[in-house]
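Q: Pasting in a structure now, in structure tokens, and then I'll have a few things to ask.
The values are calculated or read from the model by the stated rules, or taken from the named source; none is laboratory data. It should be emphasised that the depicted structure is a prediction, and the values quoted were computed from it without experimental measurement. Neighbour counts are summed over all protein chains in view; Cβ atoms, including those assigned to glycine, are modelled from backbone coordinates with ideal geometry. Just the protein is used for accessible areas: all its heavy atoms, side chains included, with ligands, DNA and RNA removed. Shrake-Rupley method; radii C 1.70, N 1.55, O 1.52, S 1.80 Å.
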Amino acid sequence: MLFPPRWPNWRIWKNRLARSGLWWIGLASMVALLMVACSHPRPWFLNASQTAGGIGNPAANLVDPAQSWDFVPAVDRFSDDALLDLRYLNESVAGETGFIRQSVTGEGLVTGNGRAIRFWPVNTYIWRDSSAAMADQARFLAKRGVNLVRWHGQIPSLQAQDSLQAIDETARDQLWQMVAAMKAEGIYTVISPYFAAALPLQPQWPLPRDSDSMMGLLFFDATLQEAYKAWWRALLEPVNPYTGIALKDDPAVALLQLQNEDSLLFWTLQGLRGEDLNLLTNQYGDWLKSKYGSLDQTLAAWDNSRFDGDDPAQGQLVLGHLFELTQPVSDPGKAQRLADQTEFLTLTMTRFNADMVSFLRTEIGTQSLINANNWKTADTLRLNDAERYSYEPGEVMAVNRYYGGIHKGEYSGWAIVDGDRFTDESVLFHPDQLPTNLKQVAGHPMLITESSWVPPLSYQSEGPFVVSLYQSLNGVDGFFWFSLDQPQWRQPASANGYLPSLGKWIADTPELLGNFPAAALMYRQGYIQAGEVVVQEHRRLEDIWQRQIPIIAEADTFDPNRDIEALSAQAQRDTQVHPLAFLVGPVEVTYDSDPAQSQVMDLTPYIDATAKTVTSITQEITWDYGRGLCWLNSPKAQGVTGFLQAAGSLELADIVVTSGNHYATAVAVAMDDQPLASSQQILVQVGTTARPTGWGQTAVQWQDDDGNSYSGYEVTNYGAAPWQVANADVSLTLRNSAITRAVALDMNGISQGEIALKREPGAVTITMPTNAKYVVLAAA
């Protein structure tokens, strides 16, 4: 993800593409999207009223100033009087029993002593602040259930006198301080030190030779790879003066991420030019000679399939345009040529990843887990399995995957200002777009290293709730909210670079971070049952190289910074298995395996297309995408999110929720690891909607550059501090005869006094205070 002040908007990004020859990316993307739009205008399981501008936005989700409260929480001083403090879930110090490891199955994570661990993580930029701010944020996050953070920065030095192999020592010192601060609060760290797309080029560097960015070079350029190794040495080997131990030896470092968001199977491949492209093309020629014996024999195997630029007499066969890899091919010779190109690009990435894992393990000696990458491809349907296969040298799989709508504006890559246009639709009407809908690679943990419900989206309180549910069900090992940069809460229109605006990449807000406690508690404590695998796909490598259609595919990932418009569920077209299988239970794939071993559970008892509901295989979770609701019904945690007013009273096993809110989230979670029916202490948490003070929007329709029409809103006032939070209008009945008290809490978990508790035979009922998110129910 891009972050100001580097490349502050998509227009700059597009201009860079144009200057560097990467205009092909935009052209190919638009052509591909247009072709898909013509053949599949909407996900096949949704009707016309459930796509953009339809039922996904039944009414504008506004915050009435007369029916809201100012979000101005006191600074959290971490008083022992707090009735809500999840710090106890963390270790006394991160890594106290050793390094994080894979579980016996390979798909989970365990601490050094073999105890299973679930991570509730965030991306944070607090390392740009003081050491005191880092310590403050660490305690603040631990209190709210966080036990893993990601340091996402750039380690190469940008000083004019420094060589390519030099590191940014200030950035290293900031990382050292952050690791120490987080470790002290039982929070582990992920290190992500290289992001080619956002790396400012330096004139003294020998690279890139002719391209205008570093994108793709790390996979095949030996000069860059040597510098890259030097960066890792300088980062991991010296002793961290704030902990007394080198990062390579520190078990508080849970994971090393080789790089962020780059792939030879993404459109940025087309940005390679001149000598940079020749280097890769020459390696391709050598690989072809090794496979076939000579380039003449290669052409024979391809039935003499030719591309412009081929010159076998001069030892060159060019790489086809990446767009070719996204299309079906009927000509056998061309099909084999494209299969070879897919194999070569994939194995080039795989070899680099394997070499770097070996370097970090054997030469550096780190024991931290390693993830190779987290990106996407030019075509999720045909190329995603090749991309994930290339990650297998590392223990951990990852992807960056957001939920958000269209946002159009001059600074929409990082800011929200007046005049911006956006769509505003709850994910509850778009179940195929849930970020945790992942085809996980068997034998590997899976992380989503960047995600959020991205502003100016208003439907955010659903996010932490559904993420907690479906991470638990499917075994996703961590969902990193993007991002936090303040020690505690972030108010709107503050600290957003040089431009007066509303920040876009912010999660330290009332309806995201504010809804962490219950979501983190029930996820980390295992209150939501894991499901058995419902789809187990096995794929031959040759089928992957031939880009054959898998039996199931994820929806295209959405990155609001790099996708020109919101994407449909195009990647799910033409697959054998229903695309909502991800909401039933885990979906897994095994590579280099016999497709005859693939197994698909009968999904008809769980997916009801007529009622528009999906029930998990565990029977604990139901998603009603017709009414925009999702509810949890487990013994220790129950709740619902969505359009509650229209739904009326919702009765679950032990609670009944009634709400006058157009949209809200309400959940009850046991705080003592007991069933709700007998628990002695229960957290009730409510989320609604938050907007900046003075926020204004008006309904508009517009067309994009391809003529597609959209219904949404135009920002007329991006607002100011503080946040305005819609009043809670929620009552909750709990079938538990032991509860005798209900205590409202402030945002720091401090008692604000008891509230009325209506007792009935075998049950109690509370009405949430309009200006509170948390109430603790307790026995005498």
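Q: Taking the range 553-596 on its own, how many of its residues are outside any loop (DSSP other than H, G, I, E, B), modelled with pLDDT of 95 or more and under 20 Å from residue 473 (Cβ atoms)? Walk me through how you get there before you give the answer.
A: Narrowing the range 553-596 to residues outside any loop (DSSP other than H, G, I, E, B): 570-572, 579-583, 587-591, 595-596.
Retained after the next criterion (residues that are modelled with pLDDT of 95 or more): 579-583, 587-591, 595-596.
Of the ones still in play, those that are also under 20 Å from residue 473 (Cβ atoms) are 579-583, 587-589.
Looking only at that region, the number is 8.
Q: Can you tell me which of (1) open to solvent by 20 Å² or more (accessible area, probe 1.4 Å); (2) within 20 Å of residue 245 (Cβ to Cβ); (3) under 23 Å from the mean Cα position of the chain (by Cα) is the one residue 148 doesn't meet?
A: Checking residue 148 against (1) open to solvent by 20 Å² or more (accessible area, probe 1.4 Å); (2) within 20 Å of residue 245 (Cβ to Cβ); (3) under 23 Å from the mean Cα position of the chain (by Cα), the one that fails is (1).
Q: Just checking, how many residues over the range 759-779 are closer than 26 Å to residue 68 by Cβ and open to solvent by 40 Å² or more (accessible area, probe 1.4 Å)?
A: Filtering the range 759-779 for residues closer than 26 Å to residue 68 by Cβ gives 765-777.
Applying the additional criterion that residues be open to solvent by 40 Å² or more (accessible area, probe 1.4 Å) yields 767, 770-771.
Within the range 759-779, residues that are closer than 26 Å to residue 68 by Cβ and open to solvent by 40 Å² or more (accessible area, probe 1.4 Å) number 3.
Q: Go through the range 92-108 and give me each residue that's out of contact with any strand residue (DSSP E or B) (no Cβ under 6 Å at 6 or more places or on another chain) and either free of Cβ contacts under 8 Å to residues at least 60 places away in the same chain or within 17 Å of residue 251 (Cβ to Cβ) (or both).
A: Listed by number, the residues that qualify are 92, 93, 95, 96, 97, 98, 99, 102, 104.
Q: Follow-up question, since we're still on this one. Residue 530: touching a residue at least 12 places away in the same chain (Cβ under 8 Å), open to solvent by less than 10 Å² (accessible area, probe 1.4 Å), closer than 29 Å to residue 777 by Cα and among the hydrophobic types (A, V, I, L, M, F, W, C), yes or no? Step through it out loud before you land on a result.
A: Working: touching a residue at least 12 places away in the same chain (Cβ under 8 Å): yes; open to solvent by less than 10 Å² (accessible area, probe 1.4 Å): no; closer than 29 Å to residue 777 by Cα: yes; among the hydrophobic types (A, V, I, L, M, F, W, C): yes.
Against the criterion (touching a residue at least 12 places away in the same chain (Cβ under 8 Å), open to solvent by less than 10 Å² (accessible area, probe 1.4 Å), closer than 29 Å to residue 777 by Cα and among the hydrophobic types (A, V, I, L, M, F, W, C)), residue 530 does not qualify.
Q: Same structure again: Residues 455, 464: which one is out of contact with any Ser or Thr (no Cβ under 6 Å at 6 or more places or on another chain) and open to solvent by 10 Å² or more (accessible area, probe 1.4 Å)? Steps first, answer last, please.
A: Details: 464 fails: open to solvent by 10 Å² or more (accessible area, probe 1.4 Å).
It is 455.
Q: Something else: Could you pull out every one of the strands (runs of 3 or more DSSP E) wholly within the range 97-216 that has 1 or more residues that are of a type in the set (S, T, N, Q)? If you could, list the steps in order and put the result at the bottom.
A: Working: elements: 121-124, 148-152, 188-192.
Strands (runs of 3 or more DSSP E) meeting the threshold: 121-124, 188-192.
Q: Also, quick follow-up: Could we say that residue 653 is touching a strand residue (DSSP E or B) at 6+ places or on another chain (Cβ under 9 Å), among the aliphatic types (A, V, I, L, M) and open to solvent by 30 Å² or more (accessible area, probe 1.4 Å) here?
A: Spelling it out, residue 653 is indeed touching a strand residue (DSSP E or B) at 6+ places or on another chain (Cβ under 9 Å), among the aliphatic types (A, V, I, L, M) and open to solvent by 30 Å² or more (accessible area, probe 1.4 Å).
Q: Another one. Could you list, in sequence order, the residues of the range 163-184 that are open to solvent by 40 Å² or more (accessible area, probe 1.4 Å) and either within 22 Å of the chain's Cα centre (by Cα) or of a type in the set (Asp, Glu) (or both)?
A: 168, 169, 173
Residues are listed down the side, and each one gets a yes or a no for (1) of a type outside the set (Ser, Thr, Tyr); (2) within 30 Å of residue 104 (Cα to Cα); (3) open to solvent by 10 Å² or more (accessible area, probe 1.4 Å):
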residue: 397; (1), (2), (3): yes, yes, no
residue: 403; (1), (2), (3): no, no, yes
residue: 407; (1), (2), (3): yes, no, yes
residue: 421; (1), (2), (3): yes, no, yes
residue: 424; (1), (2), (3): yes, no, no
residue: 429; (1), (2), (3): yes, no, no
residue: 440; (1), (2), (3): yes, yes, yes
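Q: Tell me yes or no: at least one residue of the range 609-620 is touching a Ser or Thr at 6+ places or on another chain (Cβ under 6 Å), in a loop (DSSP other than H, G, I, E, B) and surrounded by 19 or more Cβ atoms within 10 Å (Cβ to Cβ).
A: So far as the range 609-620 goes, yes, one or more of its residues are touching a Ser or Thr at 6+ places or on another chain (Cβ under 6 Å), in a loop (DSSP other than H, G, I, E, B) and surrounded by 19 or more Cβ atoms within 10 Å (Cβ to Cβ).
Q: Does residue 481 satisfy being in a strand (DSSP E or B) and at pLDDT 95 or above?
A: yes
Q: Can you confirm whether residue 392 is in a loop (DSSP other than H, G, I, E, B), touching a helix residue (DSSP H, G or I) at 6+ places or on another chain (Cβ under 9 Å), under 30 Å from residue 327 (Cβ atoms) and open to solvent by 10 Å² or more (accessible area, probe 1.4 Å)? Even if it seems obvious, please write down each step before you answer.
A: Numbers: in a loop (DSSP other than H, G, I, E, B): yes; touching a helix residue (DSSP H, G or I) at 6+ places or on another chain (Cβ under 9 Å): yes; under 30 Å from residue 327 (Cβ atoms): yes; open to solvent by 10 Å² or more (accessible area, probe 1.4 Å): yes.
Judged against the criteria, residue 392 is a match.
Q: Output yes when any residue across the range 694-707 is of a type in the set (S, T, N, Q), open to solvent by 50 Å² or more (accessible area, probe 1.4 Å) and modelled with pLDDT under 95, and no when none is.
A: Yes - at least one qualifying residue is present in the range 694-707.
Q: With respect to the numbered conditions (1) open to solvent by 10 Å² or more (accessible area, probe 1.4 Å); (2) under 29 Å from the mean Cα position of the chain (by Cα), which one is the sole condition not fulfilled by residue 235?
A: Here residue 235 clears every test but (1).
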